[in-house]
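S.K.: I'd like to ask some things about the structure below.
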Amino acid sequence: MKPWTKERAWEWYNNRPWIRGCNFMGSDCVNRIDQWQEYGFEEKLVTAEREFALMESIGYNSVRLILEFEVWDRQHDGFMERLDRYLSAAWSHGISAMLCLSNECSVRTPTFQPAVFGEQLWQPGFHGGKEWGTWYAHGTDTRYNILDDPDAALRYYGMVRELISVYAHDERVCVWNLMNEPGNGRGTKSLPHLAKFFEIGREINPDQPLCADVWRGFRNCRAATEIEQFALEQSDIISFHSYGSYDDNVRIIHQLRKLDRPAINTEWLHRCGGQRVQDIFPLYFLEHIGCYNWGFVAGKYGTNEPAQAIWQSYEKNGYAAVKDFDFTKWQHDLFRPGGRFPYDPAEIEVIKRYTALADADFAGRIRGVSVVTDDTL
C-alpha cells in the first residue's frame, strides 16, 4: 500500500483537536529502561499518573512515548501489560499517545553495552552522555543501533508488527512514529530497516498515520538528507524537529506549506538557544501545527540541564565555544522537581490560553459555528 492521500491525511487531522503535549518520561525515571522495565514500575506509574493529571490541567492532550526494544525483547509479556496500563493512565486524563518505535539517537559502537535491568545509574546534573544511566551514551562518530545485529533486527520487526497490530484501532494511540531522528550519526545505515517498518505498517493498515522524523532537514532552510527524504515520501503526516529560533520556525512552516500535509513538531523547546514558549507555542497554534515539547517535570532524566555536548565543547574549547548558549535558563522541561510549581508561570499561562482557544475553535467547528473567545486572551 502507498502512503495516505493528502485528502485522507487532512481528514484525519482536522477531525481531532489540535495535538499538543510533550515527550514524556516520568520525573523519577533515569532512562527508558527505567521507564518500561518491571523493576520499580508500580511506583513509576503512580508518578506518571500524577504528571498526566498535571498535563490535563494545563490543556495538554497527547504525549510522545519512545519505547524500548530490549524491554519488549527480554520482558515481553510484562512490557505489553505495562504499556497498556500506561496508555490507560494517560487516556483517563484525555491524553493520547504517539508511540515511537525506534531511535537513531543511540550509541557509538565502542561504548555499547547490553541493557542492564534493575536499579539504573543516576548522576545528578547530567543531560546527555549519562542521561541514559547504565546503558546509552551519545557519540559523534558512526553510532551503533541494535538493528545492526541481524538476529535482533528480525525480532525488532516482530515488535513493530505486534505493537501496530495490537493498537491499530485503539483511540488511545494517535500516531505511529516509526523512527526517531533517522540518520542521526548513521547516514543511510538504517534506511533498509525504516523501509521495513513502513512496509509492516502498510500491511497492517492502522487507523492512525505512520511517520518518521525530519530532524536535520528544514532547519536553516537545509535540504532533507536521503533517509529523511525517504521518510517524507513514505509518511502520512509530517513529523519534524526544531529547537531553533522563531525566525527559523517561520521559515520551516513556509517549507511545510508547500508539502500540503498535516505537520507535527515532535521535538521542541530549547530555552538556552533562544527558543521561548511564549513565541513558539502561539505560532504553532496559529498555524495549526501539532507540537510536543521535550520534557515535562524536571527529574532524574536531567533534561533541564544543558546537553552534555555543550559541556564537552566548553571543556575542550573554553567559553568562546559556548558564549551564545544561555546558561541562566533551563534547556527543557516545564515544571520544577516534584511538579508543584512551573519553571516559569508565564509559560504555563501561555499554554493554558492557547489550548483553551484551540479547544473552543474545535468545538465550534464540530458544531458548525464560529466561536469568539476573546475572554481567554
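S.K.: How big is the Kirkwood radius of segment 263-328, worked out from every pair of different alpha carbons and given in Å to one decimal?
M.R.: It is 13.6 Å.
S.K.: May I ask you to derive the FRET efficiency for Asp73 and Glu171 from their Cβ-Cβ distance with R0 = 41 Å, giving the value to the nearest 0.05?
M.R.: The calculated FRET efficiency here is 0.90.
S.K.: Could you derive backbone 3J(HN,Hα) for segment 87-104 from the dihedral phi with the Karplus parameters 6.51, -1.76 and 1.60 (θ = phi - 60°), listing whole Hz in sequence and x where the residue is Gly or Pro?
M.R.: 4, 5, 4, 5, 5, 5, 10, x, 10, 8, 10, 8, 9, 9, 9, 8, 8, 7
S.K.: With each pseudo-label sitting 7 Å past Cα toward Cβ, what's the Lys316-Gln123 distance in nm, one decimal?
M.R.: That separation, rounded to one decimal, is 1.7 nm.
S.K.: Using 5 Å bins from zero, what percent of all Cα-Cα pairs in segment 22-71 falls into each bin?
M.R.: 4, 22, 29, 24, 14, 6, 1
S.K.: Another one. Glu203: net charge of surrounding residues, Cβ under 14 Å, Lys/Arg +1, Asp/Glu -1, itself excluded?
M.R.: Around Glu203, the surrounding residues sum to +2.
S.K.: Which peptide among 338-344, 317-323, 71-77, 58-64 comes first, and what is the full order, when sorted by highest mean count of other Cβ atoms within 10 Å?
M.R.: 58-64, 71-77, 338-344, 317-323
S.K.: Turning to a different aspect of this structure: Return the distance in nm (one decimal) between the two label points of a simple spin-label model at Val46 and Arg257, each offset 7 Å from Cα along Cα→Cβ.
M.R.: Label at Val46, label at Arg257, 5.1 nm between them.
S.K.: As a test of the definition: which semi-axes, in Å, follow for the chain when you take the square root of five times each eigenvalue of its alpha carbon gyration tensor? Largest first, please. Numbers along the way, then the final one.
M.R.: Values: eigenvalues 158, 129, 100 Å².
The three semi-axes for the chain are 28, 25, 22 Å.
S.K.: Ile164: net charge of surrounding residues, Cβ under 12 Å, Lys/Arg +1, Asp/Glu -1, itself excluded?
M.R.: -3
S.K.: What is the list of residues in segment 292-307 whose amide nitrogen lies under 17 Å from a point 7 angstrom out from the Cα of Asp326, following Cα to Cβ?
M.R.: Answer for segment 292-307: 294, 304-307.
S.K.: Evaluate the charge dipole of segment 279-377 about its Cα centre and quote only its size in Debye, nearest 20, assuming +1 on the Cβ of each Lys and Arg and -1 on the Cβ of each Asp and Glu. Present the calculation step by step, with values, prior to reporting the outcome.
M.R.: Details: 10 positive and 14 negative charges, 64 e Å.
Result for segment 279-377 is approximately 300 debye, rounded to the nearest 20.
S.K.: Next question. Cα convex hull of segment 199-277: how many Å³ per residue?
M.R.: Expressed per residue, the convex hull around the Cα atoms of segment 199-277 is 98 Å³.
S.K.: Give the order of Ile351, Ile227, Ile366, Ile310 when sorted by the count of other beta carbons within 10 angstrom, beginning with the fewest.
M.R.: Ile366, Ile310, Ile351, Ile227
S.K.: Have a look at Ala298, Thr47, Leu210 and report the one farthest towards the positive end of the charge dipole of the chain, computed about the Cα centre with Cβ charges (Lys/Arg +1, Asp/Glu -1).
M.R.: Leu210
S.K.: From the backbone phi of segment 267-273, what are the Karplus-calculated ³J(HN,Hα) couplings (6.51 cos²θ - 1.76 cosθ + 1.60, θ = phi - 60°) in whole Hz, Gly and Pro given as x?
M.R.: 8, 7, 4, 9, 4, 5, x
S.K.: Taking N as the number of residues in segment 227-377, what is its alpha-carbon radius of gyration divided by 2.2 N^0.38 Å?
M.R.: Compared with the compact-globule rule of thumb, segment 227-377 sits at 1.20.
S.K.: Sequence neighbours fewer than 8 away in the same chain don't count; with that in mind, list the lysines whose C-alpha is under 28 Å from Lys196.
M.R.: Cα-Cα hits under 28 Å: Lys2, Lys6, Lys258.
S.K.: Report the dimensions of segment 159-296 along its three principal axes from the alpha-carbon atoms, largest first, rounded to Å.
M.R.: Largest first, segment 159-296 extends 41, 33, 29 Å along its Cα principal axes.
S.K.: I've got another one for you. Take the Cα atoms of segment 291-375, find their three principal axes, and give me the spread along each one in whole Å, biggest first.
M.R.: Dimensions of segment 291-375 along the principal axes of its Cα atoms: 59, 28, 20 Å.
S.K.: I need the phi-derived Karplus couplings for segment 6-23: 6.51 cos²θ - 1.76 cosθ + 1.60, θ = phi - 60°, integer Hz, Gly and Pro marked x.
M.R.: 4, 5, 5, 4, 5, 4, 4, 5, 6, 9, 9, x, 3, 7, 8, x, 8, 6
S.K.: Still on this structure, I have one more. To the nearest Å, what is the center-to-center distance of segment 1-77 and segment 224-267, using C-alpha atoms only?
M.R.: 21
S.K.: Can you compute the modelled spin-label distance between Glu233 and Ser57, with each label point 7 Å from Cα toward Cβ, in nm?
M.R.: With each label placed 7 Å out from Cα toward Cβ, I get 4.9 nm.
S.K.: Take Arg161, project a point 7 Å from its Cα along the Cβ direction, then tell me which residues of segment 197-214 have their backbone nitrogen under 11 Å from it.
M.R.: Residues 200-201, 204 fall inside that zone.
S.K.: At R0 = 51 Å, how high is the FRET efficiency between Arg85 and Arg8 if r is their beta carbon distance? Nearest 0.05 is fine.
M.R.: Working: r = 32 Å, r/R0 = 0.62.
FRET efficiency, Arg85 to Arg8: 0.95.
S.K.: Then there's this: When the chain is treated as a GNM, springs tying every alpha-carbon pair under 10 Å, which of Asp361, Asp333, Asp236 comes out with the largest mean-square fluctuation?
M.R.: It is Asp361.
S.K.: Which value, in debye to the nearest 20, gives the size of the charge dipole of the chain about its Cα centre, when Lys and Arg are +1 and Asp and Glu are -1 at the Cβ?
M.R.: Details: 41 positive and 53 negative charges, 155 e Å.
Computed charge dipole of the chain: roughly 740 debye.
S.K.: Continuing with this model, one more query. Looking at segment 6-340, what % of its DSSP beta bridges pair antiparallel, to the nearest 5?
M.R.: Antiparallel bridges: around 5 percent, rounded to the nearest 5.
S.K.: Which of the lysines could be linked to Lys323 by a straight reach, that is with a Cα gap under 25 Å, when you skip same-chain ones fewer than 8 residues away?
M.R.: Excluding near neighbours in sequence, the set is Lys130.
Here, each number is a calculation from the coordinates, and none is a lab measurement. None of these values were measured; they are calculated from a predicted model. Using ideal geometry, Cβ is built from the backbone for each residue, glycine included, and neighbour counts are taken over all protein chains shown.
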